[in-house]
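Structure, as structure tokens:
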Amino acid sequence: MSVVKTEILGQEALTRAEKLLAGIPNGVEKATKSAMQRAISHLRTNSTKAIRERYAIAAGNIRANENITVRYSFGSSVQAIVTFAGRKIPLYRYSGSGAGARPTERVPVKIGDDWKTVLPAPTGIGHVLNMTSPYRFRNAFIAGFSSGHMGIFENTGGVTSNGRNQIKEVKGLSVPQMLGKDEVAEKLTKESMGKFEERLDHEILRLLNG
């Protein structure tokens with residue numbers, strides 16, 4: 001799990017807000033909460049951008065596979081802890097993933113007690129990093145389900161309890177894994193702190209102007 005922590009330390013920003021909003025009931029709390037909400041929104045947008053700089057995945061697929069929780073605390077300082085969580089994202093959802101060319105030669109397959117010749121399903125192709133080309137999985141194929149889920153699957157070589165070939169879905173990384181490098185978290189934190197202070201000044205003026 002990756003944790004990106006946005007924290008305002010010290011009293012400078014809050015002291016300024018307290019002086020300017022002294023005559024407005026709950027003025028400091030209103031201004032800081034509103035400013036922090038904008039900062040977190042900024043953080044969410046930039047986290048998606050940071051991921052897409054390195055990984056071949058659309059913003060919609062990042063948002064659909066991430067679980068973001070935010071916890072605020074206000075006191076002598078303002079702090080927001082944002083936790084990114086989520087499971088590994090199916091490789092099929094990464095850009096450039098899909099089916100390769102459909103095979104033209106039939107292969108023998110044993111179905112029950114009989115051997116038949118069938119056309120294999122198209123092989124699955126996909127990649128995770130922007131800098132790499134889609135890779136062809138020799139033993140993987142594209143499959144869809146009645147639920148609407150599409151994915152790239154490969155045979156494990158095992159057999160299920162009912163005698164069928166055991167398969168598993170090929171997956172990429174989770175959002176926490178893609179966002180988990182310390183330098184990325186530090187960069188996002190610094191940018192979000194700057195956005196908080198910028199928005200705090202804006203909220204102070206908005207409250208003073210009624």
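Taken together, the values in this text are just the output of simple stated rules run on the coordinates, not laboratory data. On a predicted model such as this, the values are computed, not experimentally measured, just so you know. Reconstructed Cβ throughout: ideal geometry from the backbone, glycine too, with neighbour counts over all protein chains shown.
The table below lists the values:
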read-out	value
Shape call, the chain: gyration tensor on alpha carbons, a/c limit 1.5	prolate
Förster radius 45 Å - calculated FRET efficiency between R206 and T132, Cβ distance, rounded to 0.05	0.40
Cβ-derived FRET efficiency at R0 30 Å, A59 paired with A143, nearest 0.05	0.70
Spacing of the two label points (7 Å from each Cα toward its C-beta) at K88 and K19, in nm	5.5
Highest to lowest packing among 122-132, 140-150, scored as the average C-beta count within 10 Å	122-132, 140-150
Rounded, prolate or oblate (a/c below 1.5 giving rounded, otherwise prolate when a/b exceeds b/c) for segment 80-154 by Cα gyration tensor	prolate
Efficiency of FRET between N162 and V70 - r from beta-carbon atoms, R0 41 angstrom, step 0.05	0.35
Over 30 Å (Cα to Cα) - which of K88/K187; K33/K88; K33/K190; K19/K190 fall in this group	K33/K88
